[in-house]
Amino acid sequence: MAHRDRGLQPSAKAARITVRGEKRSITDGPFTESKELIASYSLLQVNSKQEAIDHATRFLEMFGGGEIELWQLYDPSDFS
């Protein structure tokens, strides 16, 4: 099933946040198709992509690191 079938916008609008110790990196999409398992997901209602990145970075720091991909959902206004 393609991402667009699940209400996710293209990966060109996505970002990947990685925290490893003191090192932080943010990679903007687009990303190639992933074959990895997604262990969980969360929905955030924020005012900007940067605000979502800030929340995700703080979350990863709180748990000692990891990686999160942020994907924007389609909004009903995208179809007007």
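Here, each number is a calculation from the coordinates, and none is a lab measurement. Note that the structure is predicted; figures quoted are calculated from it, not measured. Heads up, the Cβs are rebuilt from the backbone with ideal geometry, glycines too, and the neighbour counts pull from every protein chain shown.
Observations
- The chain: calculated mean residue ellipticity at 222 nm from DSSP helix runs of at least 4, using -39500 (n - 2.57): -5500 deg cm²/dmol
- When the chain is treated as a GNM with alpha-carbon contacts under 10 Å, the residue of Lys23, Lys49, Lys13 showing the greatest mean-square fluctuation is Lys23.
- Most mobile of Leu43, Leu70, Leu60 in a GNM of the chain (Cα contacts under 10 Å): Leu43
- For the chain, convex hull volume per residue from C-alpha positions, Å³: 108
- Placing dummy labels 7 Å off each Cα toward the beta-carbon, the span from Leu73 to Thr32 is 3.0 nm.
- Result for the chain in a Gaussian network model with C-alpha springs under 10 Å: among Gly29, Gly65, Gly21, the largest mean-square fluctuation is at Gly21.
- Working note: Karplus 6.51/-1.76/1.60 with θ = phi - 60° gives the range 64-72 the couplings x, x, x, 9, 9, 9, 9, 10, 7 Hz, where Gly and Pro are set to x.
- Between helix 49-62 and the chain: long-axis angle, C-alpha atoms, 0 to 90°, nearest 10: 40
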